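Encoded as structure tokens, the structure appears first; notes follow it.
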Amino acid sequence: MSKAIENYTRITTLTLSEMKAKGEKIAMLTAYDYTMAGIVDKAGIDVILVGDSASNVMAGHETTLPITLDQMIYHAASVVRGVERALVVVDLPFGTYQADSKEALRSAIRIMKEAGAHAVKLEGGSQIQDYIERILQAGIPVMGHLGLTPQSIYKFGTYTVRAKEEAEAEQLIHDAQMLEKAGCFGIVLEKIPAKLAEKVAQMVNIPIIGIGAGAQVDGQVLVLNDMLGMNKEFSPRFLRRYLNLDEEISKAVKSYTTDVKKQDFPNHKEQY
Ligand code: KIV
């Protein structure tokens, strides 16, 4: 573990702001269950996101839209039980905050109370400003998410890079400044031009965490299953695979199956 990592016993939203001020990069990954969260936490990750990407990688849905608040709470509570050091941020799922600020607050409270989460993340800018402010007023830390916001995939109609055109880029800058002013502790910028992400990271004082947003931001986030190489079909340019876990798991399962069939497992030392 690096000296920088050892210096922090428990990561808080304040720690992240100090890291930005010092120029220390923030490492964030998703996790959805107790075992993986424990491994990721012990390895020294700063932030664990219980992303609504659970809808894709855990439940096999095509989009993030179907996952429910109860399901997110189940994943988040499992993650929180496995974590000692990282800040645990949980996505508010689609349909649990877009209707009105009361519903948004109720959903956020459920995530904090029932899962024991440390913060929530919401997708969107000006259109949800009131809801974000209501949640913040209740003392719940909020992380924003701009750029490619997967809950709006049917509006976008495509997963390609966002904010390449000036008008959308300007709106994104405006939204990032609004999120900072409202009191968000950080913002995820997903799949936007690196130059725009760099500009936003320089303009605001809260940490900007990128995914497909280049290197000149304050930290990076990836979906754990993707960076572990558990899904060969998903290969966006921004994804770096650190393992080929699907091959490793497949090899292990094949060996086990062979051993069982040829009665090599269990052997005499593996029985009572
Ligand atoms: O749900 C998720 O995993 C996310 C990340 C891609 C940032 O929102």
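The values are calculated or read from the model by the stated rules, or taken from the named source; none is laboratory data. Only a predicted model underlies this, so the values are computations on that prediction, with no experimental measurement involved. Positions of Cβ are generated from backbone atoms using ideal geometry, with glycine treated the same way; all protein chains shown enter the neighbour counts.
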Condition set surrounded by 15 or more Cβ atoms within 10 Å (Cβ to Cβ) and more than 16 Å from the ligand (Cβ to nearest atom), scope segment 26-47, selection nearest to Gln202 (Cα to Cα): answer is Gly44
Just to be sure, is Ala21 aliphatic (A, V, I, L, M) and either touching a Leu at 6+ places or on another chain (Cβ under 7 Å) or at pLDDT below 95 (or both)? no
Can you say whether Ile192 is crowded, with 18+ Cβ neighbours inside 10 Å, of a type outside the set (Ser, Thr, Tyr), within 16 Å of the ligand (Cβ to nearest atom) and in the same structural domain as Ala31 (by TED's automatic domain parsing), as far as the supplied structure shows? yes
Please determine, by comparing only the residues of segment 110-162 that are free of Cβ contacts under 8 Å to residues at least 12 places away in the same chain and polar (S, T, N, Q), which one is farthest from Leu172 (Cα to Cα). Gln137
Here's a check for you: in segment 120-159, which residue that is away from the ligand (no atom under 12 Å from the Cβ), part of a loop (DSSP other than H, G, I, E, B) and among the aliphatic types (A, V, I, L, M) is surrounded by the most Cβ atoms within 10 Å (Cβ to Cβ)? Ile140
The residue from Asp226, Asp246 that alone is among the charged types (D, E, K, R) and within 16 Å of the ligand (Cβ to nearest atom) is Asp226
Which residue out of Arg106, Arg10, Arg81 is in contact (Cβ under 8 Å) with a residue 40 or more places away in the chain, over 16 Å from the mean Cα position of the chain (by Cα) and farther than 25 Å from Pro207 by Cα? Arg81
Taking segment 173-224 only, how many residues are without any contact (Cβ under 8 Å) to a residue 24 or more places away in the chain and under 25 Å from Ile135 (Cα atoms)? 3
Sort out which residues of segment 201-223 are more than 11 Å from the ligand (Cβ to nearest atom), touching a strand residue (DSSP E or B) at 6+ places or on another chain (Cβ under 6 Å) and of a type in the set (Val, Ile, Thr), and write them in order of number. Ile206, Ile208, Val217
